[in-house]
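Participant: This is the structure, below, for whatever I ask next.
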Amino acid sequence: MKTTFLILLTFALFACSSEPKTSKPVEKVLVKPNVLDQTAEDSINNYETYYLVIADTSSNYYELHEKMFDLNAKYKIPIDTLGRYYNKEKKQIVLPDNDEDEMYAGDYFPRRYPSENLSLEYLDFYNRTADQKTIALVSGIYQSEKSADSLLTIIKKTDKKAYKLKSQVYVGCMH
């Protein structure tokens, strides 16, 4: 009994040392949720099946940006960038540094809900096998495959590279 008490006392003394603990600065990183890292219940609750209409893909932001405005003029599909722009220094699509969402200010934040808007998105958020730097010109995100097919039929008349992508999109908390 005495031995057990001494061992516990020793652990308590070392655990309660008065040395200040230092921590490394926290780096902001967009973590792409992985279905395998979550419980079945989390997976069911935090993912939705959406159909994306993708007009084109490229690693060249400016090429797709120009094409986005062409599609806007041609088909009257509104553009919604979510306030993001291409930061040349970071070589990345980002929210402004002064964005109200302090966690993602200066970083990329993906479109995650149905939308009938044009936007430029990183394809790997929707297709895990895509290269991290591949940008997709998204023409819409739909809950209904039929709605996505309707838009795809229209866009394919002039944009042969357009395609539909069925994706499991993470819609849970990203903070």
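The values are calculated or read from the model by the stated rules, or taken from the named source; none is laboratory data. It should be emphasised that the depicted structure is a prediction, and the values quoted were computed from it without experimental measurement. Glycine also receives a Cβ, built like all others from the backbone with ideal geometry; neighbour counts cover every protein chain displayed.
Participant: Here are the criteria: (1) β-branched (Val, Ile, Thr); (2) within 23 Å of Tyr85 (Cβ to Cβ); (3) part of a loop (DSSP other than H, G, I, E, B). Tell me which single one Thr158 does not satisfy.
Facilitator: Here Thr158 clears every test but (2).
Participant: Return the pairs, sorted by first residue and then second, in which the second residue is of a type in the set (Phe, Trp, Tyr) and outside any strand (DSSP E or B), the first residue lies in segment 113-137 and is in contact (Cβ under 8 Å) with a residue 12 or more places away in the chain and surrounded by 18 or more Cβ atoms within 10 Å (Cβ to Cβ), the beta carbons are less than 6 Å apart, and the residues are 6+ apart or on different chains.
Facilitator: Ile135/Tyr61
Participant: In segment 134-175, how many residues are touching a strand residue (DSSP E or B) at 6+ places or on another chain (Cβ under 8 Å) and of a type in the set (D, E, K, R)?
Facilitator: So the answer is 6.
Participant: Within segment 83-107, take every residue that is buried (at least 17 other Cβ atoms within 10 Å of the Cβ) and touching a residue at least 24 places away in the same chain (Cβ under 8 Å) and give me the one that is nearest to Phe69 (Cα to Cα).
Facilitator: Ranking the qualifying residues of segment 83-107, first place goes to Arg84.
Participant: Mind checking whether some residue in segment 23-44 is modelled with pLDDT of 95 or more and not in a strand (DSSP E or B)?
Facilitator: no
Participant: Filter segment 138-155 for residues that are in contact with a helix residue (DSSP H, G or I) (Cβ under 7 Å, 6 or more places away or on another chain) and under 19 Å from Arg84 (Cβ atoms); which is surrounded by the most Cβ atoms within 10 Å (Cβ to Cβ)?
Facilitator: Applying the filter and picking the extreme gives Ser139.
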